[in-house]
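The values are calculated or read from the model by the stated rules, or taken from the named source; none is laboratory data. Quick caveat: nothing in here was measured; it's all calculated off a predicted structure. Cβ sites come from the backbone with ideal geometry, for glycine too, and all protein chains shown count toward neighbours.
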Amino acid sequence: MPKQKTPGKKPPETPRKSVQLSLFSQFVTNDKSEVSSTVEVWESIPKYFFTSKQTAKLRTADGLAKPHLWEYKYNGIQCAVKIQPALIEQEDGTYKAFFPGVTEELVEEALKKILTLQNHGIHDANNLETWVRFSLSMVQQELKSRGRARSRNEIKHAIDVMSSSILTLYKEGKEVWKGSILQDLVTVNREDYLADTGAHHIARLPLFISQSINSLEYRQFNYDRMLSCNEQLSRWIYKLLIHRYRQASLSNNYHFMYSSLAQNSGLLQQAREIDNRRKVKQALDELVNHKVLHHYEEDPRKSGRKVIDVKYTVCPTGEFITEQKAANKRANDAQTYAIENGIHDGQIVDKSRKVEGLPHTK
């Protein structure tokens, strides 16, 4: 039987005014419901499996599973994440291992959007803590409105997995962080939790998000457009472009390599490379259909007759260019506000509060 969790941190008893969260919740757009924020250092961690078949292979005959390790690079730095699955009690009293997957990814996006709503987020700059207040009904409605409907039981299960699975992050072989996607989850009692899906719960978001809110290291993006993509890889590439293709224009294209995508996304797990390359093509086609990309080009790199890598060059649509310009303006406005209020280099709390060893976007 799993060990009981030790008591974690408690959310602040009273809301705290936070300039940082206020800036995080402000957007440059005509429709705030369509946009949200993305944190590159957090999004870069490959923590979500893409199919139930993929996770089923990791389970033993009795439904348990060992932690899974993914290696990847971030800004050229060798990193790895070890994912310890959540052990969820089943109706017959046994336990089954679950790794975070697509539903958990979507629930996280919904919670980050809810964080920006008035009275649903708490940010403690001095202690580097960010809390989100939500109900199962709120998450369900948010996902349904984006065409990603999930049942309340599916959402509850996802929250259980997000709060019980443990991620351990390594940078150049050294452990630098350990925690869950949702930390210190505070819920009503079990009976009310199952019966009242409108009851509010509160959870602490990972340190990466708190740190990025403090230092203004996040990007505005079209959340509605991203969630309209069916392929998980499409959503991953879209966020890659949001962070890396900041000066998008018709005269300025962007390129990336298949090998980099395969190593860093964790989403190309087909047995044959030709099938993985086909999956990338499907993802790029979807981004064309959803008006992120106008078109793209493939440049295979061969050794003899064998394809060993592919260079993808993408060209943006006018819509994507406009959205990136809005994201740039929002970032500049936040930096201007910080400077005008005596905040050096966008760092709102004292730099000694930054956690050493964690990778940063700058």
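Looking only at residues of the stretch 123-132 that are under 19 Å from the mean Cα position of the chain (by Cα) and in a strand (DSSP E or B), we find that the one that is surrounded by the fewest Cβ atoms within 10 Å (Cβ to Cβ) is E129. When the stretch 146-180 is filtered for residues that are part of a loop (DSSP other than H, G, I, E, B) and under 17 Å from R204 (Cβ atoms), the ones remaining, listed by number, are S165, S180.
What number of residues within the stretch 259-271 satisfy the criterion of being part of a loop (DSSP other than H, G, I, E, B) and either of a type in the set (K, R) or touching a residue at least 60 places away in the same chain (Cβ under 8 Å) (or both)?
3
Considering the stretch 314-362, and only residues there that are among the charged types (D, E, K, R) and at pLDDT below 50, the residue that is surrounded by the fewest Cβ atoms within 10 Å (Cβ to Cβ) turns out to be E356.
Residue count for the stretch 235-258 satisfying the condition of being surrounded by 14 or more Cβ atoms within 10 Å (Cβ to Cβ) and in a helix (DSSP H, G or I): 10.
Among the numbered conditions (1) in contact with a Phe, Trp or Tyr (Cβ under 9 Å, 6 or more places away or on another chain); (2) farther than 23 Å from K9 by Cβ, the only one that R148 does not meet is (1). Scanning the stretch 93-116 for residues that are farther than 21 Å from L267 by Cβ and either of a type in the set (S, T, N, Q) or touching a residue at least 12 places away in the same chain (Cβ under 8 Å) (or both) turns up T94, Y95, K96, L111, K113, I114, L115, T116. Inspect all residues belonging to the stretch 97-105 and state whether any of them is more than 16 Å from the chain's Cα centre (by Cα), at negative phi and exposed (fewer than 14 other Cβ atoms within 10 Å of the Cβ). So far as the stretch 97-105 goes, no, none of its residues is more than 16 Å from the chain's Cα centre (by Cα), at negative phi and exposed (fewer than 14 other Cβ atoms within 10 Å of the Cβ). When only residues in the stretch 283-306 that are surrounded by fewer than 14 Cβ atoms within 10 Å (Cβ to Cβ) and not charged (D, E, K, R) count, which is farthest from E43 (Cα to Cα)? If we take residues in the stretch 283-306 being surrounded by fewer than 14 Cβ atoms within 10 Å (Cβ to Cβ) and not charged (D, E, K, R), then G304 is farthest from E43 (Cα to Cα). Counting only residues that are surrounded by 18 or more Cβ atoms within 10 Å (Cβ to Cβ) and either not charged (D, E, K, R) or not assigned by TED's automatic domain parsing to the domain that holds I159 (or both), the stretch 39-69 holds 11 of them. For the stretch 272-290, filtering for residues that are more than 22 Å from the chain's Cα centre (by Cα) and not in a helix (DSSP H, G or I) leaves 1. Does at least one position in the stretch 211-219 carry a residue that is over 23 Å from T168 (Cα atoms), buried (at least 21 other Cβ atoms within 10 Å of the Cβ) and in contact with a Ser or Thr (Cβ under 6 Å, 6 or more places away or on another chain)? Checked against the condition, which is being over 23 Å from T168 (Cα atoms), buried (at least 21 other Cβ atoms within 10 Å of the Cβ) and in contact with a Ser or Thr (Cβ under 6 Å, 6 or more places away or on another chain), the stretch 211-219 yields at least one hit.
Residues in the stretch 259-282 that are within 22 Å of V102 (Cα to Cα), of a type outside the set (S, T, Y) and surrounded by 15 or more Cβ atoms within 10 Å (Cβ to Cβ): L261, A262, Q263, N264, G266, L267, L268, Q269, N276, R277, K279, V280.
Filter the stretch 15-31 down to the residues that are touching a residue at least 60 places away in the same chain (Cβ under 8 Å) and over 18 Å from N332 (Cα atoms), then identify the one that is surrounded by the most Cβ atoms within 10 Å (Cβ to Cβ).
So the residue we want is S18.
Filter the stretch 67-88 for residues that are modelled with pLDDT of 95 or more and of a type in the set (D, E, K, R) and give the result. Hit for the stretch 67-88 is K82, nothing else.
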